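Below is one structure, written out as structure tokens; comments come after it.
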Amino acid sequence: MTQCLSFCGLPAKLNALSLTNTPNAAFKNLSFSSNTSSVNLFSRGLVSMCPVKMNPESNRRSTIVRAEEKKKTPDSAAKRARQAEKRRIYNKSHKSEVRTRMKKVLEALELLVKKSDPQPEEVLPIEKLIAEAYSVIDKAVKVGTLHRNTGARRKSRLARRKKAVEIHHGWYTPAAETTSAA
């Protein structure tokens, strides 16, 4: 978006500058460019000059000076590569944490299955491990490391394995499915 500089508080050198041509001094030396060269606005792309069409009935010439926003330069390939590497390492650490937490839960459940005479209270520490794994999975989904469906599938896998262990030891009996005739 461009804005007219006459209302935006130009530097002191631009404020004292007159852009109108008098009839006897038409095409005088370019004092405008010499006054603005020390300000260095043109080379940075902050100011542009646009000629205005002259009205054939008048002898006035006008020039409008506008401030322009700096155009965004496209990212370099090196910057994209650095950012991709950073994201890859960040995502890798999240995925590693998810795998580690799941592995801890699955190993604890496997030990509980192999135990000859386990007690129902022995599931409580495993439930704490499951809760920690769920929070890590949810965090990975939230930051975008895992897809929502992948996170749900991993949480479901832990819940199904726990349920299978409880059924194996007789601590949980699934409700029989009732089929209703319509």
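The values are calculated or read from the model by the stated rules, or taken from the named source; none is laboratory data. Every value quoted in this text rests on a predicted model; they were computed, and no experiment measured them. Methodologically, a virtual Cβ is constructed for each residue, glycine included, from the backbone with ideal geometry; neighbour enumeration extends over all protein chains shown. With ligands, DNA and RNA removed, areas are computed over all heavy atoms of the protein, side chains included. Shrake-Rupley method; radii C 1.70, N 1.55, O 1.52, S 1.80 Å.
Computed from backbone phi with θ = phi - 60° and the Karplus coefficients 6.51, -1.76 and 1.60, the 3J(HN,Hα) list for the range 128-142 is 5, 5, 5, 4, 5, 5, 4, 5, 5, 5, 4, 5, 5, 5, 4 Hz; x is used for glycine and proline.
Expected output is a single nm value to one decimal: the length gained when fully extending between Ala159 and Ala175, i.e. 0.36 nm times separation in residues minus the C-alpha distance. What is it?
4.1 nm
The stretch between Arg148 and Thr73, if pulled fully straight at 0.36 nm per residue, gains 23.6 nm over its current Cα-Cα span.
Provide Asp75, Asp117 ordered by accessible surface of protein heavy atoms (probe 1.4 Å), highest first. If you can, show how the numbers build up before the last one.
Numbers: Asp75 80, Asp117 115 Å².
The most accessible residue leads, giving Asp117, Asp75.
Do any of Lys86/Lys139; Lys71/Lys95; Lys72/Lys95; Lys95/Lys163; Lys72/Lys142; Lys71/Lys92 go past 27 Å between their Cα atoms, and which? Lys71/Lys95; Lys72/Lys95; Lys72/Lys142; Lys71/Lys92, as the Cα separations exceed 27 Å there.
Site pair Ser96 and Ala131 shows an inter-label distance of 2.7 nm when each label is modelled 7 Å from Cα along Cα→Cβ. Which of the three applies to the range 101-182, rounded, prolate or oblate, going by the alpha-carbon gyration tensor with a ≥ b ≥ c and a/c under 1.5 meaning rounded? It comes out oblate by the Cα gyration axes. Surface composition of the range 118-182: carbon and sulfur atoms hold 52% of the protein heavy-atom accessible area at a 1.4 Å probe.
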